[in-house]
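Participant: I have a structure here, written as structure tokens, and I will follow up with some questions on it.
Any read-out appearing in this document is the output of simple, stated calculations on the displayed coordinates, not a laboratory observation. Note that the structure is a prediction, hence the values are computed from the model and not measured. A quick note on method: Cβ atoms are made from the backbone with ideal geometry, for glycine too, and the neighbour counts reach across all protein chains shown.
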Amino acid sequence: MDAPGPYLSADKRRAVTVSAVVDIAATQNPADITTAAIAKHMNVTQGALFRHFPSKEAIWRSVMEWVAERLLARLDAATTGIGSPLVALEAMFNGHVDFVSEHPGVPRMMFGELQRAEVTPAKRMAETLMRQYGERVAGWIEKGKAAGEIAPETDPRSAAALFIGIIQGLVMQSLLTGDPGHVRRAAPGVFHLFRRGIAILP
């Protein structure tokens, strides 16, 4: 990564820091990422880093905020102008798959935060993201039931949990095998199975 340079504004410097953490997390266990490693990646001193963040935890919270903002925006953009709930769900699914494929450090950060025993601002942000994501999926499930596309006995919360869990499972398999392309290759087939499980078949 190129050195950010002294001319960057405080907001831009914070954004570059978040980007650095996401980049490092793509190849390193997030729990092992130190502020020294972040500063080295950015070609700045730790002192420069802490002029914009009071603590490492503040950096992690900013990363989770970045993830939440961009992932939810990606999902909302994917469904804009789509009338069919089933088509919207597929667009959301593909949008999420594209997002984690473009930012492989993100799922590592999410898994790491959600597994932490202690409650931290970053963990609360990750939990909020999962709740808001689930609400979006459940909302489309409800619309699908009303439109006659989705089986009336489908429980929106359960379907949302399965939807998110499928992507998490694909990501976990990708991490275990060290094959970043696995998520994209497997996505069409697994979404097809999900769709068959909730759709009203002709």
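Participant: Using a Förster distance of 22 Å, how high is the FRET efficiency between Ala146 and Gln173, based on the Cβ-Cβ distance and rounded to 0.05?
Facilitator: Efficiency, from the Cβ-Cβ distance: 0.05.
Participant: Could you tell me the calculated FRET efficiency between Arg131 and Ala58, based on Cβ-Cβ distance and R0 = 22 angstrom, to the nearest 0.05?
Facilitator: Between Arg131 and Ala58 the formula returns 0.50.
Participant: Between Leu114 and Arg74, how many nm apart are label points set 7 Å from Cα along the C-beta direction?
Facilitator: My value for the distance between the label points is 1.5 nm.
Participant: I need Glu113, Glu135 ordered by Cβ neighbour count within 10 Å, fewest first.
Facilitator: So the ranking, lowest neighbour count to highest, is Glu135, Glu113.
Participant: Here's something else I'd like to know. Take peptides 143-155, 79-91 and line them up by average Cβ neighbours within 10 Å, highest first, as a rough protection proxy.
Facilitator: Put in order of decreasing packing, that is 79-91, 143-155.
Participant: Then there's this: Using a basic spin-label model with each label point 7 Å from the Cα along Cα→Cβ, how many nm lie between Ala26 and Glu65?
Facilitator: Roughly 2.4 nm, to one decimal.
Participant: Based on the Kirkwood radius over alpha-carbon pairs, what is the Stokes-Einstein translational diffusion coefficient of region 64-157 at 4 °C with 1.567 mPa s viscosity, in µm²/s?
Facilitator: 91
Participant: Which cross-chain or sequence-distant (5 or more) residues have an amide H under 5 Å from the amide H of Ile150, H modelled 1.01 Å from N in plane?
Facilitator: Here the answer is Lys145, Ile200, since their amide H atoms fall under 5 Å of that of Ile150.
Participant: Next up: Please report the relative contact order for region 56-198, taking Cα pairs under 8 Å with a sequence separation of at least 6, and give it as a percent rounded to a whole number.
Facilitator: 27
Participant: Among all helices in the chain defined by DSSP H, which have a length of 15 Å or more along the axis from Cα atoms plus a Kyte-Doolittle mean of at least 1.0?
Facilitator: 156-177
Participant: Whole Å is fine, so just give me how far the alpha carbon centre of region 130-201 lies from that of region 38-67.
Facilitator: About 34 Å separates the Cα centre of region 130-201 from the one of region 38-67.
Participant: At Arg196 and Arg157, where each label point lies 7 Å from the Cα along Cα→Cβ, what is the point-to-point distance in nanometres?
Facilitator: My value for the distance between the label points is 2.9 nm.
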